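Participant: Dropping the structure in here first, questions after.
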Amino acid sequence: MINELELIENINILTNCKVILYGAGNFGNKALKRLKSIGIEPEYFCDSYSRKWGGFVDKIRVLSPGELKQLDKNENLAIIITVESVLSIDPIVDLLKALELGTDFIFTYLGLEIAVFQNINKLSVNTADYYALVQTAELNRTMNNTMTEWGYLRDALFCIENTDSLLIYQPGKVGSTTLARSFSSAGVPNAHIHFLNGIDCLGAAAFKDSYKKTIKNLDVIKIITLVREPISRDLATVFQYIGNNIFSVVSPGKAFIESCHAFIYARLINDDLIKGERKADSINYGYQFNWFDNELKSMFGVDVFEYPFDKEKGYSIIKQENIEILVMKLEKLNMLELVIGEFIGTPDFKLVNSNDSAEKPYKYLYKNVREVINFPKEFIDLYYDSNPRMDHFYTEDEKTVFINNWRTM
């Protein structure tokens, strides 16, 4: 029912329809300001709470769902759902479906924000307001990155000082949140970390030197790391960026799907790969696979590619000096509860599945993109053809399924 891409690629929908903001709260006010900044005045608010019906927000009347249905019979409407909790969107979507409205133009606040930014060159926009929007987003991104990096150091220190804890250490968007929640639910102390070697905040260099020395003095340190089909992981990363800062991915004047392509290509393609070559001194097998060298090997001295991996079972356990690492494929995770339980010493361990995407503001946009995005053979081959890192973890049958899933029709 929600098609964010339609608005992002054709913001003129809002000028050709009467705009209704569904949700007369804080996000409704934000949407109102954003629309006014591009010269669009919403016709009405609408809300599910009866106490708001007939009231006004900034001189704009709040309709009941029943009144919205009546208005829809005679007008071309564009409805923007503006609620603060992402989990509140689904009930509103269900309500709009039950109303059997004639309009196909139903979007969310996130879709509006991306549409404004992507089409900024085409809009009569207040320039000062636009740059304030960009600067605020960049400031938030910088502050979030700094706090996240300090969080990584704090969590790593926790693992050093508590030798019975478990380190979840892997690239982002590979199921680490599910593991962390599952371990916490089982009462297993754990730290959830994506970077140690890559951290570059104040004090990081001294910390990393101390960290490496401390590892050698531990009786044992247990690490769990996962790998995931790489294009799925890279696409998930696009939306992680969107969730944190939409300006990192979206390019004004460029189609949104093209922006997704460009972001993913940048994670893999360098000059050598564009020419179809992989030079020994300039190898890029993809961010996720290179992570094992840049992080795990650099910080712990363990090269996972020197150890065999059981592709059929989907896991391997590496033991090197006082370090034990459980390496798993995300695609096999739900079948490996017994293996995980044995590794962490909790025989009755159960996974607590975490559907992060259902809790994210980009859930609808991700669905829209996933239905239409595909990749040319030349790009897919960079991951799947003559890539020993991919072959280390995945069978030929698995690769065939993945390739068919992504290839341009």
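Participant: Between Glu306, Glu321, which is at pLDDT below 95 and either buried (at least 16 other Cβ atoms within 10 Å of the Cβ) or more than 29 Å from Ser185 (Cα to Cα) (or both)? Break it down into steps so the answer makes sense when it comes.
Facilitator: Values: Glu306 fails: at pLDDT below 95.
Only one candidate qualifies: Glu321.
Participant: Given the criteria within 27 Å of Ile224 (Cβ to Cβ), within 20 Å of the chain's Cα centre (by Cα) and among the basic types (Lys, Arg), does Lys360 qualify?
Facilitator: Answer is yes for this residue.
Participant: Right, next: Can you tell me which residue within region 227-254, out of those that are modelled with pLDDT of 90 or more and in contact with an Asp or Glu (Cβ under 8 Å, 6 or more places away or on another chain), is surrounded by the fewest Cβ atoms within 10 Å (Cβ to Cβ)?
Facilitator: Arg228
Participant: From the list Phe393, Phe375, exactly one residue is in contact with a strand residue (DSSP E or B) (Cβ under 8 Å, 6 or more places away or on another chain) and at pLDDT below 90. Which is it? Spell out the reasoning first.
Facilitator: Values: Phe393 fails: at pLDDT below 90.
It is Phe375.
The values are calculated or read from the model by the stated rules, or taken from the named source; none is laboratory data. Treat the numbers as computed from the prediction; the structure is a model and nothing was measured. Please note: Cβ atoms are built from the backbone with ideal geometry, for glycine as well, and neighbour counts cover all protein chains shown.
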